[in-house]
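These notes are about the structure you will find just below.
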Amino acid sequence: MAPIRTRLAPSPTGWLHIGTARTAFFNYLYAKKHGGTFVLRIEDTDIERSDKAFETDIFESLAWLGIKADESPVEGGPHAPYRQSERLASYRPYLERLLETGNAFYCPHSEAELEAERTKLMEQKRPPAHICPSRDKGRGVGSGIIRFKTPRGRTLTFTDLIRGEISFESDLLGDFSLAKDLSIPLYNFAVVIDDHEMKISHVIRGEDHISNTPKQMLIQEALGLPTPAYAHLPLILGPDRSKLSKRHGATAIREFREQGYLPETLVNFMALLGWNPGDNREVFSMAELIEHFDLGNVQKSGAIFNIEKLDWLNGGYIRKKSPAELIELIQPYLPPRILNHPAYGTRTFEPIIALEQPRLKKLSEVGEKVEYFFEVPEYDPALLRWKQTSDDDTSSSLQQSLDILEAIPEGEFSARALEAMFLAAIGAGDKGVLLWPLRVSLTGTRASPGPFDILAILGKEEGRTRIRRAMEKLRDLGGG
Ligand code: GLU
């Protein structure tokens, strides 16, 4: 059997979309599973829409995800160059051959004429396929766009590795375009030549390319080239079941990265966008995915993008990090006012991050979550009130907390000592009466870890200051 060679052929016309990254990943998994080769080839012949910044983003995002191409413009390889724009000379002989054999011809019609024809055909309820009157002229005219002379009355069938048998009627395809001229190839033609020259055995790509497949098969047939195996992946849909787009939020890998998702999370999440192992497992490492992945388990129907699952997976992968690793990872997400704070340093930050780690869903949340450790929080004093408690009672509750703090000697000030003292004071009473105003006085927030852990980190002195400040705030509220 010929060696397995898969490829991703992205056009650098936007930031790497999660759908394209998923396609890259499935190509990678399939190749790795079968000891094959994953090729990354850049389709940049559309000069107006292609951009080097987008190309760099494709390389960087895939590298960040850990999806490493065996052959690419960066790695090089036996079939270099891997950029279409650098391969232009290789297409011409194939085009010449198609023109010589009468399988291709120069179409003299302008865009406006074609548009008028399309409108007319649609009005007549006929398929809007251009069947060109010049199709038998071969090289004849010698100018205009080069088209394929599509045979009439054929049924073209291929067996998709995910969807099974798919057939198209050739009459609906029309005489499709191959190249703008002898030196500027267009997608359907260029992709066939590249896939052939790079010995691609499996074309795994998005379902939006299903209707291009019969065109590519016709070109292969006319040139006597083998047809690779095809597998078309399901679309990625937003929660409203429409195609995933900006409207639904982040779509580019770099955006997910900026938001503080880990590469392990995205890799795991992307695998589940259309694939499942046949049971309910949802958490997989890269090595496990290579072991279990199978095109036979890829679904035909659209894959719904579930942001809750993404956050859940990310929280799980964040929890697996050691505090030291996590501190390293969150550096880019910490605002300068924390990084430059005199109290900031690994020694002080480790207990803080260990406390927040179980609740962290995204690295980007961290600045907001740990802010109160470094800055005295601002908050609405009304937040200090527990349920229907009056301001006087809230004040007495804070005074009681203060007294408990005072009673613990500096050297014994720890979360466990605090917990023991406070729980003894509360007895069978409502915990919130004492602990809610205390926690708000320390953090200024509605939700945070418990007050004992926070107090242990802040220290007795800072704890006292914050509780007193809360009592002043309440007084001002009463007086104002
Ligand atoms: N450049 C095409 C795209 O980005 C590639 C299609 C293919 O894989 O054949 O959609």
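I want to confirm something. Restricting to region 283-314 and keeping residues that are in contact with a strand residue (DSSP E or B) (Cβ under 6 Å, 6 or more places away or on another chain) and either free of Cβ contacts under 8 Å to residues at least 60 places away in the same chain or not in a loop (DSSP other than H, G, I, E, B) (or both), which single residue is surrounded by the fewest Cβ atoms within 10 Å (Cβ to Cβ)?
Our first condition is that a residue be in contact with a strand residue (DSSP E or B) (Cβ under 6 Å, 6 or more places away or on another chain); within region 283-314, this holds for 295, 297-298, 302-305.
Going one step further and asking which of them are either free of Cβ contacts under 8 Å to residues at least 60 places away in the same chain or not in a loop (DSSP other than H, G, I, E, B) (or both), we end up with 295, 297-298, 303-304.
On the way: 295: 18, 297: 13, 298: 22, 303: 21, 304: 16.
Here the answer is 297.
Just a yes or no: is a residue in region 174-195 among the hydroxyl-bearing types (Ser, Thr, Tyr), within 16 Å of the ligand (Cβ to nearest atom) and under 18 Å from residue 45 (Cβ atoms)? Reasoning before the result, please.
In the first step, residues of region 174-195 are kept if they are among the hydroxyl-bearing types (Ser, Thr, Tyr); the result is 177, 183, 187.
Cutting the leftovers down to within 16 Å of the ligand (Cβ to nearest atom) gives us 177, 187.
If we keep only those that are under 18 Å from residue 45 (Cβ atoms) too, we end up with 177, 187.
Checked region 174-195: at least one residue is among the hydroxyl-bearing types (Ser, Thr, Tyr), within 16 Å of the ligand (Cβ to nearest atom) and under 18 Å from residue 45 (Cβ atoms).
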Taking interchain pairs and intrachain pairs at least six residues apart, which have beta carbon atoms under 8 angstrom, with the first residue in region 95-112 and more than 21 Å from residue 187 (Cβ to Cβ) and at pLDDT below 95 and the second of a type in the set (A, V, I, L, M) and in a loop (DSSP other than H, G, I, E, B)?
-> 108/141
Matching residues, region 1-22, being modelled with pLDDT of 95 or more, of a type in the set (A, V, I, L, M) and not in a strand (DSSP E or B) = 4, 9, 16, 18, 21
Helices (runs of 4 or more DSSP H) completely within region 379-480 that count 3 or more residues being within 24 Å of residue 355 (Cα to Cα) and either in contact (Cβ under 8 Å) with a residue 40 or more places away in the chain or within 42 Å of the chain's Cα centre (by Cα) (or both) | 391-407, 431-443, 451-458, 460-479
Within region 44-58, how many residues are more than 12 Å from residue 85 (Cβ to Cβ) and buried (at least 18 other Cβ atoms within 10 Å of the Cβ)?
-> 3
Does residue 265 meet the test of being assigned to a helix (DSSP H, G or I), under 15 Å from the mean Cα position of the chain (by Cα) and modelled with pLDDT of 95 or more?
-> yes
Go through (1) at pLDDT 95 or above; (2) surrounded by fewer than 17 Cβ atoms within 10 Å (Cβ to Cβ) and name the single condition residue 397 misses.
-> (2)
For residue 40, indicate whether it is more than 14 Å from the ligand (Cβ to nearest atom) and under 20 Å from residue 201 (Cα atoms).
-> no
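If you go through region 20-33 one residue at a time, do you hit one that is over 22 Å from the mean Cα position of the chain (by Cα) and surrounded by fewer than 18 Cβ atoms within 10 Å (Cβ to Cβ)?
Our first condition is that a residue be over 22 Å from the mean Cα position of the chain (by Cα); within region 20-33, this holds for 33.
When the remaining residues are screened for being surrounded by fewer than 18 Cβ atoms within 10 Å (Cβ to Cβ), the result is 33.
There is at least one residue in region 20-33 that is over 22 Å from the mean Cα position of the chain (by Cα) and surrounded by fewer than 18 Cβ atoms within 10 Å (Cβ to Cβ).
The values are calculated or read from the model by the stated rules, or taken from the named source; none is laboratory data. Computed from a prediction, not measured in an experiment: that's the story for all the values here. We place every Cβ from the backbone using ideal geometry, glycine too, and count neighbours over all the protein chains shown.
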